[in-house]
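Working notes, structure below.
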Amino acid sequence: MFVYISTVITVLIAGHTICAYDVLPDPWDTLYVQPEQIHLSLGAVESQMIVTWTTFDLTAKSTVWYGIQSINMSAHGSARKFVDGGSEKRQMFIHRVTLTALVSGQTYKYHVGSDDGWSPIFTFTALKKGNDWSPRFAIYGDLGNILAATLPRLQNEVQQGLYDAILHVGDIAYDLDLDNARVGDEFMRQIEPIAAYIPYQVCPGNHEQAYNFSNYDNRFSMISSGGHTINNHFWSTNIGPAHIISISTEFYYYTKQYGTHQIENQYRWLEQDLIQANKPENRAQRPWIITIGHRPLYAQNHIDNILREGFTFAKDSKPEFGFEELMYKHGVDLSFWAHEHNYERLWPIYNNKIYNGSVDEPYNNPKAPVHIITGSAGSRERHTTFIDTPHYSAFQNEEFGYTRMTIHNASHIYLEQLSVEREGGQIIDKFYLIKEKHGYDAWF
């Protein structure tokens, strides 16, 4: 931060009074008011888009100018001061503006900032209304600043218009807090060619846990459909014919540091969200229920019974608040996980038993949820080597890559895994998930 030597102007930001100044700083200091790290996320309704960015000094306003043919509309938001937990206590200002009343499927130009400085001009396309369209996703976890093998290709494909949204399934930057959060800053700059153009939806992983997930909580802006507050740990949204739910697996693993109360809190929220999603009128509109969470329930030769069955709160007590039974009961169709630095497609599975649709067509009307592990986007920790092929594993690959998903309609989802280690980027796995019926009754 710089040192000012003149009069003070009082500015109200996010409910707090902070001081800004009306003159230049001391000449031996530097002013950091240029917007950077611009990224988008989905709003509470289809006609909204949240724009988030960073400056390292306070600006008088947080503004987005946007429009269709010309940039002729403005929206204003707020900034919140964030102090990193590292030794330097570096501070930054996170700006958020929600754009409203966007036209379904319309492409907009926009830039962000204030009279202190403006970003370049970016574009985004407003989410299409309803369920009669086919959203396209790139899905991956465990993408870092170093050895981000898939990032150049993802940047290029987003610029070509191949996707409608990103799902980053935890472990972001490796790590957001490192070097007093400078690694996080640089990673957010690296993904800007993606995240400034399409919604960049995230869930937390173990590499976000430092200082009680503070970098993760402050840098991103996840909100549930119909919601009123940002909650980056668990949220859900509607997009096309799908209801997508994001959960935190990390509540179950950092109980000594941060307590256990969020385990039940999230579980109760998830239960209610699934009940609402399964109301006949809602499931008819969004037949696919898809979840993302960082640590997998099943992977390689490891089964995570804490996540499957629940957390044991006291000696000799039964585990509570596990995911598997709840998801099965409410007919979750497809789950994406990461954490393992590889790609693995599982057979449809419940309670450690395989429930293929048939021998020849296992993903045609399967009788249990389908799990995909997609943690091979690239980081300084490199690959996770497969040491076994358990009975529930259908396909394994250790190459750097990411998953593509197209939700064609109410009955067909197409999935493929792309390897960036092969010439030109090659598809190494692909399949259709086909379901004529959704919900708990689909298992019988």
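What follows is calculated from the coordinates using simple rules that are stated; it is not laboratory data. In this text the structure is predicted, and so the values were computed from the model without any measurement. In this analysis, Cβ positions are derived from the backbone assuming ideal geometry, glycine residues included, and neighbour counts consider all displayed protein chains.
Of all DSSP beta bridges in the chain, what percent run antiparallel (nearest 5)? Provide the component values of the computation, followed by the final result.
Numbers: 76 of 101 bridges.
Around 75 percent antiparallel, to the nearest 5.
Checking the cross-link filter: which aspartates and glutamates have an alpha carbon closer than 20 Å to that of Lys61, excluding same-chain neighbours under 8 positions apart?
Asp22, Glu36, Asp115, Asp116
Among the listed pairs Lys129/Lys329; Lys329/Lys367; Lys367/Lys430; Lys256/Lys318; Lys256/Lys315, which are separated by more than 22 Å between their Cα atoms? Kindly include the intermediate steps, with their values, before the conclusion.
Values: Lys129/Lys329 29 Å; Lys329/Lys367 12 Å; Lys367/Lys430 20 Å; Lys256/Lys318 19 Å; Lys256/Lys315 15 Å.
Where the Cα-Cα span goes over 22 Å, the pairs concerned are Lys129/Lys329.
In whole Å, how far is the Cα centre of region 361-404 from that of region 319-336?
19 Å
Residues in region 108-136 near a label at Glu416, defined as backbone nitrogen under 15 Å from the 7 Å Cα→Cβ point?
Residues 136 qualify, since their backbone N sits under 15 Å from the label point.
If we sort 29-35, 161-167, 242-248 on the protection proxy, mean other Cβ atoms within 10 Å, highest first, what's the order? Please report the intermediate quantities before stating the final value.
Working: 29-35: 15.9, 161-167: 19.6, 242-248: 24.9.
Ranked from most to least packed, the peptides come out as 242-248, 161-167, 29-35.
Can you give me the angle between helix 178-195 and the longest principal axis of the chain, using Cα atoms only, in degrees from 0 to 90, rounded to the nearest 10?
Computed tilt is about 80 degrees.
Using θ = phi - 60° and the Karplus curve 6.51 cos²θ - 1.76 cosθ + 1.60, what whole-Hz ³J(HN,Hα) does each residue of region 412-426 get, with Gly and Pro shown as x?
Computed from phi, the couplings for region 412-426 are 10, 10, 9, 10, 8, 10, 9, 9, 8, 7, 9, 3, x, x, 10 Hz.
Does region 330-444 classify as rounded, prolate or oblate by the C-alpha gyration tensor (a ≥ b ≥ c root eigenvalues; a/c under 1.5 gives rounded; else a/b over b/c gives prolate, otherwise oblate)? Write down the numbers at each step before the final one.
Numbers: a/c = 2.20, a/b = 1.61, b/c = 1.36.
Since a/c reaches 1.5 and a/b is larger than b/c, the shape of region 330-444 is classed as prolate.
Would you mind putting 335-346, 51-62, 78-89 in packing order, based on average other-beta-carbon counts within 10 Å, highest first?
Working: 335-346: 25.3, 51-62: 22.0, 78-89: 15.3.
Top to bottom by mean Cβ count within 10 Å: 335-346, 51-62, 78-89.
Quote the charge dipole size of region 288-390 about the Cα centre in Debye, to the nearest 20; the model charges only the Cβ of Lys and Arg (+1) and of Asp and Glu (-1). Intermediate values should be presented prior to the final figure.
On the way: 10 positive and 13 negative charges, 32 e Å.
Computed charge dipole of region 288-390: roughly 160 debye.
Sketch the reach of a paramagnetic label on Tyr440 as a point 7 Å from Cα along Cα-to-Cβ, and name the residues of region 307-325 whose backbone nitrogen lies under 14 Å away.
325
Local charge sum around Pro204 (other residues, Cβ-Cβ under 10 Å, Lys/Arg +1, Asp/Glu -1)?
Working: positive: none; negative: Asp171, Glu208, Asp217, Glu250.
With Lys, Arg at +1 and Asp, Glu at -1, the neighbours total -4.
Apply 1/(1 + (r/R0)^6) to the Cβ-Cβ distance of Ile275 and Ser70, taking R0 = 30 Å, and write down the FRET efficiency to the nearest 0.05.
Details: r = 45 Å, r/R0 = 1.51.
That pair, Ile275 with Ser70, gives E of 0.10.
Tell me whether region 296-352 comes out rounded, prolate or oblate; compute the Cα gyration tensor, take square roots of the eigenvalues as a ≥ b ≥ c, and use a/c under 1.5 as the rounded threshold. Walk me through the numbers before you get to the answer.
On the way: a/c = 2.48, a/b = 1.47, b/c = 1.69.
The shape class here is oblate.
Is any residue of region 193-220 close enough, with backbone N under 19 Å, to a label point placed 7 angstrom from the Cα of Gln159 along the Cα-Cβ axis, and if so, which?
The answer is 193-200.
Give the peptides 421-427, 411-417 in descending order of average Cβ contacts within 10 Å, highest first. Before the final figure, lay out the partial values.
Values: 421-427: 11.7, 411-417: 19.1.
The packing order, highest mean first, is 411-417, 421-427.
To the nearest 0.05, how large is the calculated FRET efficiency for Asn352 and Glu186 if R₀ is 56 Å and r is the Cβ-Cβ distance?
On the way: r = 42 Å, r/R0 = 0.74.
E(calc), rounded to 0.05, equals 0.85.
Given a Förster radius of 51 Å and the C-beta distance between Arg80 and Asp388 as r, what FRET efficiency does 1/(1 + (r/R0)^6) yield to the nearest 0.05?
Numbers: r = 46 Å, r/R0 = 0.91.
Computed FRET efficiency for Arg80 and Asp388: 0.65.
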